[in-house]
Amino acid sequence: MNRFRNFRFGTLRDSIPFAILIALYLVVNQAAQAQTGSLADVSFMEGRWKGTFNGGPIDAAWAAPQGDNLAGFMRMMKDNKVTMYELLIFEQTEKGPIVLVKHFKPGLIASEEKDVSDRYSFIEAKKNQALFEKSDGSIRIIYEKRSDNQLVIQRGNQKDGKWVFADLFVFDRVR
């Protein structure tokens with residue numbers, strides 16, 4: 001009982017709001033850091049990949065992250081002719097990685113305006129999986145390495161207030 005002789009209820013009461021503020025700060029700060037992400041979250045994409053799309057072959061290749069970027073491309077073909085090229089650049093920003101995508105028709109004719117590219121912001125990552133959302137909020141993309149030899153890109157759209165994803169490209173590793 002003697003150890004509680006100097007205990008003052010007012011001191012404890014005054015310290016509780018401070019403790020709550022500290023706890024909230026730590027939770028919010030940890031959540032913000034978890035959502036920031038880095039290029040390491042997409043480094044699993046490195047390598048050469050091959051699949052099929054729209055009745056023809058599709059090739060993809062991603063370089064390892066270096067500095068503040070990871071670069072990749074895709075080539076889509078049908079009947080032995082190119083139908084589209086796609087350049088994908090992952091850049092590290094303060095808010096996490098972003099994906100910049102530019103499409104080209106045969107003859108390297110840009111589908112988007114000269115200074116325009118599709119832009120996707122990082123949402124979250126898990127082991128061998130990263131989720132991005134298009135800047136207008138209309139599309140979400142999941143990059144997922146399902147096994148050492150399979151890479152899948154899923155496209156998500158809103159349906160009844162929920163995101164529904166379907167495989168867009170399924171690639172096998174080229175050795």
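The values are calculated or read from the model by the stated rules, or taken from the named source; none is laboratory data. Everything numeric in this text was worked out from a predicted model, so none of it was measured. All Cβ positions, glycine included, derive from the backbone under ideal geometry; neighbour counts span all protein chains shown.
Checking each residue in region 94-108 for being over 19 Å from Asn80 (Cα atoms) and aliphatic (A, V, I, L, M) picks out Ile98, Val99, Leu100, Val101. Based on what the data block shows, is Lys81 at pLDDT 95 or above and not acidic (Asp, Glu)? Judged against the criteria, Lys81 is a match. Scanning region 95-122 for residues that are touching a helix residue (DSSP H, G or I) at 6+ places or on another chain (Cβ under 8 Å) and not aromatic (Phe, Trp, Tyr) returns Lys95, Gly96, Pro97. Residues being free of Cβ contacts under 8 Å to residues at least 40 places away in the same chain, surrounded by fewer than 19 Cβ atoms within 10 Å (Cβ to Cβ) and among the aromatic types (Phe, Trp, Tyr) are entirely absent from region 132-150.
Considering only residues that are free of Cβ contacts under 8 Å to residues at least 24 places away in the same chain and out of contact with any Leu (no Cβ under 7 Å at 6 or more places or on another chain), which ones fall in region 68-83?
Result: Ala71, Arg75, Met76, Met77, Asp79, Asn80.
Do we have any residue at all in region 84-92 that's farther than 20 Å from Lys50 by Cα, among the polar types (S, T, N, Q), at pLDDT 95 or above and in contact with a Leu (Cβ under 9 Å, 6 or more places away or on another chain)? Checked against the condition, which is being farther than 20 Å from Lys50 by Cα, among the polar types (S, T, N, Q), at pLDDT 95 or above and in contact with a Leu (Cβ under 9 Å, 6 or more places away or on another chain), region 84-92 yields at least one hit.
In region 151-161, the count of residues that are buried (at least 17 other Cβ atoms within 10 Å of the Cβ) and part of a loop (DSSP other than H, G, I, E, B) is zero.
Here is a check on your reading of the model: is Ile58 among the β-branched types (Val, Ile, Thr), in a strand (DSSP E or B) and surrounded by 19 or more Cβ atoms within 10 Å (Cβ to Cβ)? Taking the combined requirement at face value, the residue satisfies it.
Residues in region 81-117 that are outside any loop (DSSP other than H, G, I, E, B) and of a type in the set (D, E, K, R) were compared, and the one that is farthest from Gly37 (Cα to Cα) is Lys81.
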